[in-house]
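What follows is a set of notes on a single structure, which appears directly below.
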Amino acid sequence: MRWFILSSIVFFVITATVGLLLSLKFVWPEFMGTAKWLTFGRLRPLHVNGILFGWLLAADMGLLFYLVPRLCGNKLWSEKLGLMTVGLFDLVILGAVYTTLSGQTQGLEYAELPLVLDVGVTLAWVFFGVNIFGTILTRKHKKIYVSLWYTMGAVIWTAAVYITGNFLVMFATGVNQANLNWFYVHNAVGLIFTPLGLAIAYYFIPLAVREPLYSHKLSMIGFWSISFIYVWTGAHHMIHGPISQWLQTVAILFSVMLIIPVWTVIVNFFGTVHGRWDRVRQDPILKFLMAGTTFYLLTCLQGPMHSLRTVNAIVSKTDWVVGHAHMAVFGAFSFFAIAGCLYVVPLLSGRKLHSVKLADNTFWLMMVGGLIYFVSLWIGGFMQGLQWNDPSIPFIDTVRFMRPFWIARAFSGVLILAGTILFFYNLIRTFGGTAGGETTTAVGTPVPATA
Amino acid sequence: MFHKLDFNAGWVAVGALLFFLVGATLTTILPQMSEASWTTPLEGSRAYSEQELRGKAIYQREGCWYCHTQQIRTLEADTKRYGWRGVDAPISLPGEYVRDAPHVLGTRRAGPDLARVGGKYDKSWHKTHFNNPRDLVPGSVMPPFPWIVTDNGGQDLKNLIAYIQTLGRTRDWRPDDDYEE
């Protein structure tokens, strides 16, 4: 489904640009400051929603439209419905650009889009789900590969999580609403983008490295444990906040237990690549996949740590968390999706990737940019958190203190955006392109073997 | 038994949904039934006026809540830092928020917490501050909001300030009642 991928990479470039603008505002607050439509409070939801839905969700859907039929040994259930899904989804995203910039918002994180657009997203998701389940139920390969479990899980959880976070939440107020809001925000990452990202990684890692998956059993434990554990943790966004202790404790316990599913995934991915690191060195796709795996591990070790009461008292509400969120969505799940796009686009267009070298440069720009981003915000955020806990330091001093870290962050934004533009250019040239292209990307069997 | 799941899509789907529902119910539906304070406004609180609601809508529209939290957590540092003129800020209670839809608890403190800011500054301070925060607080990264000051013949500004001045007032926490207008 080239249209999904095409539209997702367009939004990737746009919203990464918006991200850079936002980072500049922390260095020069006056920068484009007097333009109502471009104030921080309106660009931020555009950046967040644009990346989550316009880029990542769309790219994931595009990739699943590709890999689900291959894993099932048949064709996509309905190509037409697929096209309708893209069309509707893109309309929603364009509408979202307008509503966020004009300041129309529901005022809830990740749920800023107004009701009409929420309905659009839901419909698009139903179309998507019908198509995916249609394909799976009419499959030729009887055995269900782990990517398909995650895909099915994601279709169902996304529906439930999205409806809670965008519709049901409107009937609640105050702390009750906040609890539903964090339930949604947290599970949007954990039960929408995680399973979609893992479905993609479980598919492409064995293929790209041309080895069977390390352990089928582990992948099974991982899937069932994440589906049970993840959903309990939303309240860890309000540790020390105005909610009951028992709910905080439950959220903390389950957050710590999340290490189980994460560990199974990590062992499985590294186990698959074990002894084949020479292939990673040569292939930018594998680099993205394995760097993504590493960032996934780090994110998921940070998460449980943040939820502990003592650590939370330092890092909560600081830029540390912003670094953490970017490592999850950019470092892990976007890297998986980028790898998927680099793999699939050549196959879809029947050409070699325009330039493997360019893809390699994309990787290094994003990797270095990402690391500068994460590390500067961790250090800065952690120290700011310590300063906040000393009430004798005036607040504004803790803001001034962040300046060098924010400058570093803006610089990393330039690198990341540059990487994004190279990625875009590379794929566009592959799609539309002149016949050129240096080497073949690894084309393995379309179904990964399980050991 | 698990082995069968490898071949049966229906069971995977149903299982995934059931597992999810257990946690979802216990962490979202149960607390709103068991915690009365989540749905009953704090005693002595009043509903927002028309004007304050319009002000809150501006707070929502301009994304103030991305940079400001409104919650004094159960941490001593919070109560000290967000108190003013020598009086510590009282810790936030769930009942204070019941009239807020959307809620404005926030997650990020690019700027200070605002839960107890009502009455800390007077109108003219806010006017200058919204127009350009750096005129009052050099080094601030709060965006300038000149249009809030000028739009609708200054009505937007009045509404927003009216809302800001309500924050924390339910708790009536100043011993000398020294709230600014």
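Bear in mind these aren't lab numbers, they're just calculated from the coordinates by the rules spelled out. As the structure is a prediction and not an experimental result, all values here were calculated from the model. Don't worry about glycine lacking a Cβ; one is built from the backbone with ideal geometry, like all the others, and counts go over all protein chains shown.
Sequence-distant contacts, meaning Cα pairs under 8 Å at least 6 residues apart, place the relative contact order of segment A:1-143 at 30 percent.
Could you tell me what % of all Cα pairs in segment A:317-366 have separations over 19 Å? Percentage above 19 Å: 40. Think of segment B:50-177 as having a plus end and a minus end, set by charges on the Cβ of Lys, Arg, Asp and Glu; of B:Gly118, B:Thr79, B:Leu160, B:Thr79 sits farthest toward the positive end of this dipole. For A:Leu213, nonlocal amide neighbours, meaning residues 5 or more places apart or on other chains whose placed amide H falls under 5 Å from its own, are A:Ala449, A:Thr450, A:Ala451.
Counting lysine pairs in chain A that sit 8 or more residues apart in sequence, or on different chains, and whose Cα atoms lie under 20 Å apart gives 9.
Computing FRET efficiency as 1/(1 + (r/R0)^6) for B:Asn152 and A:Lys142, where r is the C-beta to C-beta distance and R0 is 51 Å, gives about 0.20. Cut-off 10 angstrom, C-alpha nodes, Gaussian network model of chain B. Which of B:Phe130, B:Phe19, B:Phe145 fluctuates the most? Result for chain B, Cα springs under 10 Å: B:Phe19 fluctuates most.
Give the whole-number value, in cubic angstrom per residue, of the convex hull volume spanned by the C-alpha atoms of segment A:234-388. Don't skip to the answer; put the middle values down first.
On the way: hull volume 18.7 nm³, N = 155.
Normalising the Cα hull of segment A:234-388 by residue number yields 121 Å³.
Compared with the alpha-carbon gap, the fully stretched path from B:Gln32 to B:Leu136 is longer by 33.2 nm at 0.36 nm per residue. Axis of helix B:9-24 versus longest Cα principal axis of chain B: the two differ by about 40°, to the nearest ten degrees. Spatially, segment A:380-434 and segment A:118-185 are offset by 31 Å when compared through their Cα centroids. Relative contact order of chain B: 25 percent, from C-alpha pairs under 8 Å at least 6 residues apart in sequence.
All other residues with a Cβ under 10 Å from the Cβ of A:Ile239 taken together, and with Lys, Arg as +1 and Asp, Glu as -1, what is their net charge? Could the numbers behind the result be given before it?
On the way: positive: A:Arg309, B:Arg73; negative: none.
Every neighbour counted, the sum reads +2.
Taking the Cβ of each residue in A:Val48, A:Val68 as the centre, tally the other Cβ atoms inside 10 Å and list the residues starting with the fewest. Each step should come with its number before you reach the end.
Values: A:Val48 21, A:Val68 26.
With the fewest neighbours first, A:Val48, A:Val68 line up as A:Val48, A:Val68.
Please work out the FRET efficiency for the pair A:Trp277 and A:Arg309, using the Cβ-Cβ distance as r and a Förster radius of 35 Å; give the result to the nearest 0.05. My answer for the efficiency is 0.35. Of A:Cys300, A:Cys341, B:Cys67, the sequence from fewest to most neighbouring Cβ atoms within 10 angstrom is B:Cys67, A:Cys300, A:Cys341.
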